[in-house]
Structures are given as structure tokens and as C-alpha cells.
């Protein structure tokens, strides 16, 4: 498996190098301005690093104003590409309409949410969405583990959560308690996912959630809770069986910028390497079929989002269905 | 017990007073030690984490997805450019304002109003200045349009200037100038106030103008204290991450600035990002970057202290 991956990336890499030697004699120049989600940042960083090996004169800059901040700048025409950990919102599309910005939406990889418990927690290793709802929401809250199951310890559940205005929190909340649900207020909240990992690994009765990259780096300190019997691994996230806790990450490309040769080359390179590089920095690649669809959208220049209808309503089907 | 202390002329030396004295001493010592202890614990843990990652390549390479290859060249140069520009802008303006308020302006309702505002501004969180910077400098209130609506020179020339400024070194310097100005102004005012009135009166009595008095007498006497304020201000500017994030400063960039319009990133932003990454390798290079930032601060402070020692002459 590993060997095959290395071999395939080598082949892809050498193909690209030879292609660039023979086909692309001209060196590209000019800016590629990117801003947005800090979750997507590591993937874009990896892509930019590799891209600049082939095109050292292109000036790629990547900011981390967050998904919302990134879209604000994108819709004002200040950036060429927006990194986003969620689809663009109807309100943001309104702004884009007034400024005359059109965009191409490109999903690039999965970020799986992991629900983690302490290593010494031997009881709650497999939970249902209903259990999670009772742990994290204000509705019929389970204050102790015993509230969920009479055989479990009568100890208070210590809840760790990312900041309530982060994309990770939004996604988790919507999956577990729906749009109207309210998260309990007595959680330990931190913007730093490493702090959540520390908190959960230090308390026997704690539970928390964070991006899967943080679990993959700390498998010796945490146990990942199975959801309906499925554990979060690269495979279960990629094939969709860990749904609904695998969320897609996106880049949005300004369609006017897409005709700039340096931006076009960068996005081409991004899509060709998204699978390998996203896995390398701790995220999960899509199945090949989805990348095929995405590449097709890019070459055809398919404008707009596939998550909102023309009249501004969100489409509620799951991501993999949309891109099937 | 109370026999050994009393000396000639001491009033009733009860053991209570002496014990209270001793206790106060112990309390002060404990407070000092606690602060030193916390600081050294912090420094030691950063040293342990970061020392092994600190080498020449770390200073001389750009960011990378692989922690062992990543470096802080862009952030280091970005920080130096931004702080240097900020100092050049903030110091003359800050001292000028202080001179006006202390030496020229008559105490009126207007000056009291200005004074009140300056004092209040020093308490405003820096992220608020970031929002002002985004509207006023990055976008110039949207009056001129988006990216490079108007420019002089090309991107390669050192005098390149464009409007609106965009997320550039100049935007960051102007925004940080707003952050540190209240500190510089208030410190300079305190310094000017501490200059004895007799000095000014002496100068004026010899027929000097107000300007001559300020330039030859008041400012030289106040300059060591003013410099202390400036050091504090620069130390604050070099540590700011939030306003830089808001004005649209980049995090990843593979060039060092070449002019005031260059894109840039700064050390605190790089540290913040690395410390939040899942991989432990990034945490140790974050510690190494903190060490570089500390050394930078020490160099700034050391230079300022050296200048101050040279300037400090006894009042004649």
C-alpha cells in the first residue's frame, strides 16, 4: 500500500517533471493571491511549495483569515483563490453578484472529524449520533456517563470542543443536533485543537472532537470513538462509510483570474497533486472518481456552486452524492 | 528579642514593627522570585523544545509542509521591514504630538479632550486597529477601487507605490503605528513633564525661543525616558499578530520584501500557525521561531539601552 503510493507519486512526479521540461519552456510570472480557511491552509501550502519548484518566479501568497474572511476578500476581487472549509453561503454569493465576481468551485479533499476519548475509557468506544446529541446538546443532556448507559461510571462527562465560531464546530453541530440545536454551555472550549487533545488525554472521563489530523498524530494518547461501529481511518473516510463526519474542503477560483496563465497553471497543479499532498499533511483524499468530476468541472469552467440552488436554497444531499 | 536592634535615637522598637518589616521584605522577594521562576520555566521549556531546530538553514529557508525543511526567512525579513517602517512613522509623530500637548498648546477643553482620547486609545485591543487598518489602508475606504488601481513604478522598483495599498508592508506599518502611537505619546509626555521647569525658564530667560528651548534643553533632558517609551512601543509592535491577520497579511510567501508595497508575513503569525498544527515537528520549530523573536527583541532593547546610556548626562 505505502510502496504503491510512493511508486505512483514518483511516477506522477517524474511525468510532471518531464512534461515541464519538454512542454513548458516558458517561465510563468505574476501573483497568485490566496486567502481563507486555516484548515485548508496546510494543503495549499504543500501544493504551493511543490508548484514553486517548477515555477519559481510565480509569487504565491496564502493568508489565513478564515473561511468567512477569505470569502469576503474573494468577493471583493482582492484574491484569485479562496480556501474554504465549507461551501459558499447564499449571503456571500449575493455579494459576489453585486461585485460581478464569478467563481469555479473545486472540492479538494476530506477532513474527517474525530470524536476522541481518553485511553483509559473502555466503555464509550462506540457511540451513536443519538448518544452524541445527548452528550453535546442542551436537549436531554447526559451529565454523567451513567445517564447514557446504566453500566457506565457515574462520573460527570467532561466535554471539550473547538471554538463555537469555527468551521469544525459548525459542521459537527449541524450533523449532531441539526441547524436549530443548541450546544451545551458548560464545555471547555479552545481555538487550539492541540489543547483539546491535551484535555481529553488528561482526563479519564473526557470526550472531545477535532479534525482527524489531530487524532492521526496522537493515536498513542487518544482513542477514537467509533460512530455506529465505524472507526475513523483514511479508508472509511475516503469510501464514505464514516459519513456523516467526513466533510469536504474546497478551493474557489475567480473565473477571471482563471485565465491568467500563472493561476491556471497553479490550479492545474493543485488538482493533479491534491490526492497525494492532502494525505501527506494529514487529510484524506477523495476516491479517484470524484477527482475526475472535479477536474472536469475545472477544464469546462463550470461556474457557481453545487450546494445551493439558483434561488438561494441550500441543497441538502450529501457531498458524495452531489459529486457521484 | 527586641534587645538587639534598637540603636541610638530609635523610638520604641517593638518586635512587632520589625516582624512586619521583615514580612513585607519576604513578600516582595517572593513576588519577584515567582515572576522570575515563571519566566525561566517558560524560557527553559522553549529552549528545550526549540534549540535543536535552530540552525542556519532554519533562518535562511522559506516555509515548507515538512517541519525539518521549514524556515522563517520570509517571516524574519517581514518582521524587520514592518517594525522598521513602523518606527520611522510612529516616533516622529508620537514625539511631535507630545511636544505640542506639553510645550505649545494652552490647556483648553480641546487639549483635554485630545488627552483623554489618547489615554483611552492605549487601552483599545489591537485587533480593533486591524479592522481600521483593513478599511483605511488596505482598501483606502474603497474610494479608488480594488487591486492596484493606481501606481508609480513597477513591482521591482524600490520606490514602487500603489493605491490602494493592499495588504502590504506599508499597510502593516501604518496599522501598527496606530497601535503604538498612544504608548509613545504618553511616555514622551511623562518624560517632558519630568524635566524641571527651571531648565526651561533658564533657557527662555537667556532669550531663546520656545523652539530653541525645546531642541537644545528640554528634548535632550527628556530623551532617555522618551527612548524607554519607544522601546516599549517597538516591543509591542513586533509581537502583534492579530492586526496583521485582519489587514490581510499573508502567512505563506516565498519572497522577502523589496519595497513598501511588497506582500509580507511576520514572525508572530508564523509562530501562531505552527503552534496550532497537529504534527509535533511543527511545535518544535514554533519554539525555535519564538527563540529568534526573543533574540530580536533583546537586540532592539540592548541597542536602545546602549543609546540611552550614552545620552544620559547629569542635568547641568
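The values are calculated or read from the model by the stated rules, or taken from the named source; none is laboratory data. Fair warning: this is a prediction, and the values are worked out from it, not measured in the lab. Cβ atoms come from the backbone with ideal geometry, glycine included; neighbour counts cover every protein chain shown.
Can you name the residue in segment A:274-289 that is part of a helix (DSSP H, G or I) and within 14 Å of chain B (Cβ to nearest Cβ) and is also farthest from residue A:39 (Cα to Cα) among such residues?
Filtering segment A:274-289 for residues part of a helix (DSSP H, G or I) gives A:274-280, A:288-289.
Filter again for within 14 Å of chain B (Cβ to nearest Cβ), leaving A:274, A:276-280.
Numbers: A:274: 15, A:276: 17, A:277: 14, A:278: 11, A:279: 14, A:280: 14 Å.
It comes out as A:276.
Evaluate the following for residue A:150: is it buried (at least 19 other Cβ atoms within 10 Å of the Cβ), free of Cβ contacts under 8 Å to residues at least 40 places away in the same chain and more than 14 Å from chain B (Cβ to nearest Cβ)? No, not satisfied.
Being at pLDDT below 90 and more than 25 Å from the chain's Cα centre (by Cα) narrows it down to one of B:56, B:15, so name that one. Sole residue among the options that is at pLDDT below 90 and more than 25 Å from the chain's Cα centre (by Cα): B:15. Any chance you could count how many residues in segment B:48-79 are buried (at least 18 other Cβ atoms within 10 Å of the Cβ), part of a helix (DSSP H, G or I) and out of contact with any strand residue (DSSP E or B) (no Cβ under 6 Å at 6 or more places or on another chain)? Within segment B:48-79, residues that are buried (at least 18 other Cβ atoms within 10 Å of the Cβ), part of a helix (DSSP H, G or I) and out of contact with any strand residue (DSSP E or B) (no Cβ under 6 Å at 6 or more places or on another chain) number 10. Going through (1) in contact (Cβ under 8 Å) with a residue 40 or more places away in the chain; (2) within 14 Å of chain A (Cβ to nearest Cβ) one by one, residue B:164 falls short only on (1). Evaluated against (1) closer than 30 Å to residue B:210 by Cβ; (2) under 18 Å from the mean Cα position of the chain (by Cα), residue B:83 falls short on exactly one condition, (1).
Which one of these is under 30 Å from residue B:273 (Cβ atoms) and out of contact with any strand residue (DSSP E or B) (no Cβ under 6 Å at 6 or more places or on another chain): A:176, A:189, A:117? Lay out the reasoning, then the answer.
Working: A:189 fails: out of contact with any strand residue (DSSP E or B) (no Cβ under 6 Å at 6 or more places or on another chain); A:117 fails: out of contact with any strand residue (DSSP E or B) (no Cβ under 6 Å at 6 or more places or on another chain).
Among A:176, A:189, A:117, only A:176 is under 30 Å from residue B:273 (Cβ atoms) and out of contact with any strand residue (DSSP E or B) (no Cβ under 6 Å at 6 or more places or on another chain).
Residue pairs whose Cβ atoms lie under 6 Å apart, separated by 6 or more positions or on different chains, with the first residue in segment A:173-198 and at the interface with another protein chain (Cβ under 10 Å from one of its Cβ atoms) and at negative phi and the second assigned to a loop (DSSP other than H, G, I, E, B) and buried (at least 16 other Cβ atoms within 10 Å of the Cβ), are A:192/B:276; A:197/A:218.
Only one of these is loosely packed, with under 15 Cβ neighbours inside 10 Å, more than 14 Å from every other protein chain (Cβ to nearest Cβ) and more than 30 Å from residue A:135 (Cβ to Cβ): A:296, A:228, A:235. Name it. Give the derivation first.
Working: A:228 fails: more than 30 Å from residue A:135 (Cβ to Cβ); A:235 fails: more than 30 Å from residue A:135 (Cβ to Cβ).
Within the list A:296, A:228, A:235, the selection yields A:296.
Select, from A:77, A:100, the only residue that is at pLDDT below 90 and closer than 23 Å to residue A:300 by Cα. Reasoning before the result, please.
On the way: A:100 fails: at pLDDT below 90.
A:77 is the lone residue from the list that is at pLDDT below 90 and closer than 23 Å to residue A:300 by Cα.
Of the residues making up segment A:255-271, those that are in contact (Cβ under 8 Å) with a residue 12 or more places away in the chain and in contact with a helix residue (DSSP H, G or I) (Cβ under 7 Å, 6 or more places away or on another chain) are A:257, A:258, A:263, A:266, A:267, A:269, A:270, A:271. For segment B:241-277, filtered to residues that are part of a loop (DSSP other than H, G, I, E, B) and within 13 Å of residue A:41 (Cα to Cα), the residue that is farthest from the other protein chains (Cβ to nearest Cβ) is B:277. Taking segment A:148-250 as the region of interest, the strands (runs of 3 or more DSSP E) fully inside it that hold 1 or more residues being within 30 Å of residue A:295 (Cα to Cα) are A:206-211.
If we scan segment B:119-141, do we find a residue that is more than 14 Å from chain A (Cβ to nearest Cβ), modelled with pLDDT of 90 or more, closer than 19 Å to residue B:185 by Cα and buried (at least 19 other Cβ atoms within 10 Å of the Cβ)? Looking through segment B:119-141, at least one residue is more than 14 Å from chain A (Cβ to nearest Cβ), modelled with pLDDT of 90 or more, closer than 19 Å to residue B:185 by Cα and buried (at least 19 other Cβ atoms within 10 Å of the Cβ). Of all residues in segment B:233-244, those that are crowded, with 24+ Cβ neighbours inside 10 Å and farther than 19 Å from residue B:140 by Cβ total 4. Scanning segment B:56-65 for residues that are farther than 22 Å from residue A:59 by Cβ and within 11 Å of chain A (Cβ to nearest Cβ) yields nothing.
Taking residue B:41, is it without any contact (Cβ under 8 Å) to a residue 12 or more places away in the chain and under 24 Å from residue B:241 (Cβ atoms)? Before the answer, list the steps.
Numbers: without any contact (Cβ under 8 Å) to a residue 12 or more places away in the chain: yes; under 24 Å from residue B:241 (Cβ atoms): yes.
Against the criterion (without any contact (Cβ under 8 Å) to a residue 12 or more places away in the chain and under 24 Å from residue B:241 (Cβ atoms)), residue B:41 qualifies.
Across segment B:142-162, not a single residue is classified as in contact with a helix residue (DSSP H, G or I) (Cβ under 9 Å, 6 or more places away or on another chain), surrounded by fewer than 15 Cβ atoms within 10 Å (Cβ to Cβ), more than 30 Å from residue B:204 (Cα to Cα) and modelled with pLDDT of 85 or more.
Out of curiosity, is residue B:264 surrounded by fewer than 20 Cβ atoms within 10 Å (Cβ to Cβ) and under 22 Å from the mean Cα position of the chain (by Cα)?
Values: surrounded by fewer than 20 Cβ atoms within 10 Å (Cβ to Cβ): no; under 22 Å from the mean Cα position of the chain (by Cα): yes.
Considered against the rule, which asks whether it is surrounded by fewer than 20 Cβ atoms within 10 Å (Cβ to Cβ) and under 22 Å from the mean Cα position of the chain (by Cα), residue B:264 comes out as no.
The residue of segment A:134-147 that is farthest from residue A:170 (Cα to Cα), among those that are assigned to a loop (DSSP other than H, G, I, E, B) and touching a strand residue (DSSP E or B) at 6+ places or on another chain (Cβ under 8 Å), is A:143. Scanning segment A:45-74 for residues that are within 20 Å of residue A:256 (Cβ to Cβ) and either at pLDDT 95 or above or within 7 Å of chain B (Cβ to nearest Cβ) (or both) returns A:59, A:60, A:61, A:62, A:63, A:73. Restricting attention to segment A:25-44, the residues that are more than 28 Å from residue A:304 (Cβ to Cβ) and either touching a helix residue (DSSP H, G or I) at 6+ places or on another chain (Cβ under 8 Å) or at pLDDT 90 or above (or both) total 1.
Within segment B:278-316, the set of residues being under 16 Å from the mean Cα position of the chain (by Cα) and at pLDDT below 80 is empty. Filtering B:131, B:46, B:114 for residues that are in contact with a helix residue (DSSP H, G or I) (Cβ under 8 Å, 6 or more places away or on another chain), farther than 30 Å from residue A:29 by Cβ and not assigned by TED's automatic domain parsing to the domain that holds residue B:225 leaves a single hit, B:46. Yes or no: residue B:100 closer than 24 Å to residue B:220 by Cα and assigned to a helix (DSSP H, G or I)? Yes: the conditions hold for residue B:100.
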